[in-house]
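Engineer: Take a look at this one; I'll ask things after.
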Amino acid sequence: MDALIAGVTIVELDPEDTSVGYGGLPNADGVVQLDASCMHGPRKRAGAVAALEGVRNPSLVAQKVMDQTDHHLLVGPGAQVFARNMGFTIEDDLNTDRSRRTWLEWKRRTTPLLYLDPDRRELAMRRLEREMITEGLIEENHFYGTINCNGVNARGEICGVTTTSGLAWKIPGRVGDSPILGAGLYVDGEIGAAGSTGRGEASLYSLCSFLIVEEMRRGKHPKDAGLEALRRIQAATIEQRLLNERGTPNFNINFYILNRRGEYAGVAMYSPDGRQQFAVCDEKGPRLEVSTPLLEGSA
C-alpha cells in the first residue's frame, strides 16, 4: 500500500500534470477539489476523501482515514479538518498558473446557464473540449483526470489506490467514482483489484470495479472481466446526449485490472490507433502497454 501511494503522490505533486493533485483542473468556480480512495486487500480495509480542498495529496489523506479512523469516506470541509488534524498543510489555492489560465479560458467560452440543461451542457462541453485540445490548451485525456494504481507482492498481497481532480469544470461538490468503493476502486484480497479512469458516472451506475472483481472470482481472466464491465456500460448508456452518431457511447472509460497471480489487463471503451495505454512494472521492468478496446473507432 505504501509503495502504491508513494507512486501516485509523485504525480499529485507535479505542477505540470493537470489530472490529479496540485495543479489539477478546477471546478466551475475555479476551485481544485480532489477525491481519492485506497483499499488494502489483506486487511480488508479502505479509506477515502471527496471534494477535499487545500491538500496536495488526497491519497495520503485517504490512507489516514483507513489507518486512523473507523470510517471509510470523509468529504468536503470535514475531510479538510481531518487532514489538518493529521498534520497536513492546508493551502488556500491548489491552482498553478497553468490550471488557472486554462480555467479562465474555459470560463470565457461558456455560460453558467448550461448547468440548467444537461443536453446543452453535454454538447457544449464536447465542443469546448475539441476546441481546447485543438488549440493546445489542454491534453486530450485530462478532462477526466485520474490515476488508478494496483499492485501485488510476492506473497500475493494485493492493494489499490485511485486519485483524481475529477471532471474538469465540474459543478462544485460533484463527486465521481474515484472515492466510491466498487466504482472507482475495488480490491478483494483473495481475488484481485480493479480501478477506473474516464467518465465516472458510467462506472458508478454499474459499480464496475466490483463487477470486474466478481467476474474474476467466477474464473475470468482480467481482460475478459474488464470487457464484461464495458459491455454493461454500453448497455446502460441509452440517453441520446451520451451516444454518438453510430449509437455507441460518446465517451471513453478505462479499467485497470490485476489478480493475485499477477495476471493483468487494461481495457477501454475505445483505443483509436492504440492511444489508450497503461503502465506496467514487474520483473521485466517498467513499460507501457496498449489497452484492449471493446469498440472500434473513437468516441
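What follows is calculated from the coordinates using simple rules that are stated; it is not laboratory data. These numbers were taken from a predicted model, which means no experiment stands behind them. Note that each Cβ is placed from the backbone with ideal geometry, even for glycine, and that neighbours are counted across all protein chains shown.
Engineer: Looking at the P(r) of region 197-242, how many percent of alpha-carbon pairs lie beyond 12 Å?
Structural biologist: Values: 612 of 1035 pairs.
Value for region 197-242 (Cα pairs over 12 Å): 59 percent.
Engineer: Another question, if that's okay. Which order do peptides 67-77, 154-164, 268-278 fall in by mean Cβ count within 10 Å, highest first? Numbers along the way, then the final one.
Structural biologist: Numbers: 67-77: 14.5, 154-164: 23.0, 268-278: 18.2.
Final packing ranking: 154-164, 268-278, 67-77.
Engineer: Determine by what factor the alpha-carbon radius of gyration of region 226-299 differs from 2.2 N^0.38 Å, reporting the quotient. Write out the running numbers ahead of the final one.
Structural biologist: Working: Rg = 13.9 Å, N = 74, 2.2 N^0.38 = 11.3 Å.
Relative to the 2.2 N^0.38 Å estimate, region 226-299 comes out at 1.23.
Engineer: Given the alpha-carbon gyration tensor of the chain, what are the semi-axes of its equivalent ellipsoid in whole angstrom, ordered largest first, with each equal to the square root of 5 times an eigenvalue?
Structural biologist: Working: eigenvalues 152, 124, 55 Å².
Those come to 28, 25, 17 Å.
Engineer: Turning to a different aspect of this structure: Please find, in a Gaussian network model of the chain (springs between Cα atoms separated by less than 10 Å), the residue of D35, D17, D92 whose mean-square fluctuation is greatest.
Structural biologist: D92
Engineer: Provide, in order from the shortest bin, the percent of all Cα-Cα pairs of region 1-65 in each 10 Å bin, continuing until the bin that contains the maximum pair distance.
Structural biologist: Over region 1-65, the share of Cα pairs per 10 Å bin runs 23, 51, 21, 4, 0 percent.
Engineer: If you don't mind, another one. Jot down the radius of gyration and Dmax of region 1-116, Cα atoms only, both in angstrom.
Structural biologist: Spelled out, the Cα radius of gyration and Dmax of region 1-116 are 15.2, 49 Å.
Engineer: Would you work out the relative contact order for region 79-193, in percent, from Cα pairs under 8 angstrom that are 6 or more residues apart?
Structural biologist: Numbers: 88 pairs, mean separation 18.4, N = 115.
Relative contact order of region 79-193: 16 percent.
Engineer: Could you identify which residue out of E201, E215, E283 has the top mean-square fluctuation in a GNM of the chain using Cα springs shorter than 10 Å?
Structural biologist: With Cα springs under 10 Å in the chain, the top fluctuation among E201, E215, E283 is at E283.
Engineer: Here's a follow-up. Spelling out what I want: for every residue of region 185-197, take phi, set θ = phi - 60°, compute 6.51 cos²θ - 1.76 cosθ + 1.60 (Karplus), and round to whole Hz; glycine and proline get x.
Structural biologist: For region 185-197, the Karplus-derived couplings read 7, 8, 9, 10, x, 8, 10, x, 9, 8, x, 9, 9 Hz, x marking Gly and Pro.
Engineer: Helix-derived [θ] at 222 nm for the chain: sum -39500 (n - 2.57) over DSSP H runs of at least 4, divide by residue count, nearest 500? Walk me through the intermediate numbers first.
Structural biologist: Values: 8 runs with 93 residues, N = 299.
Mean residue ellipticity, 222 nm, calculated: -9500 deg cm²/dmol.
Engineer: Which of R126, R108, R45 moves most in a GNM of the chain, Cα contacts under 10 Å?
Structural biologist: R108
Engineer: Obtain the radius of gyration and the Kirkwood radius of region 124-189 from its C-alpha atoms and give Rg over Rh. The partial results should precede the final answer.
Structural biologist: On the way: Rg = 15.8 Å, Rh = 14.0 Å.
With Rg and the Kirkwood Rh in hand, the quotient comes to 1.13.
Engineer: Amide H neighbours of L94 under 5 Å, counting only residues 5+ apart in sequence or on other chains, H built in-plane at 1.01 Å?
Structural biologist: V32, G54
Engineer: Filter the cross-link list K64/K223; K44/K223; K223/K284 down to pairs whose alpha-carbon distance in this structure exceeds 30 Å.
Structural biologist: Check vs 30 Å cut-off fails for K64/K223.
Engineer: Can I ask one more? What are the ³J(HN,Hα) couplings of region 66-73, residue after residue, when phi is run through the Karplus curve with 6.51, -1.76, 1.60 and θ = phi - 60°? Round to Hz, x for glycine and proline.
Structural biologist: Each residue's phi maps through the Karplus curve to give 5, 7, 10, 10, 9, 9, 10, 10 Hz.
Engineer: Using only the alpha-carbon atoms of region 70-139 as identical scatterers, what base-10 log of I(q)/I(0) does the Debye formula give at q = 0.13, 0.22 Å⁻¹?
Structural biologist: Cα-only, vacuum Debye calculation for region 70-139: -0.63, -0.93.
Engineer: Express the C-alpha Rg of region 137-283 as a ratio against the empirical globular expectation 2.2 N^0.38 Å, rounded to two decimals. Numbers along the way, then the final one.
Structural biologist: On the way: Rg = 14.9 Å, N = 147, 2.2 N^0.38 = 14.7 Å.
After normalising by residue count via 2.2 N^0.38 Å, the value is 1.01.
Engineer: May I pose another question? Could you please tell me the mean projected area of the C-alpha convex hull for region 186-266, averaged over all directions and given in square nanometres to one decimal?
Structural biologist: Mean shadow area of the hull around the Cα atoms is 4.9 nm².
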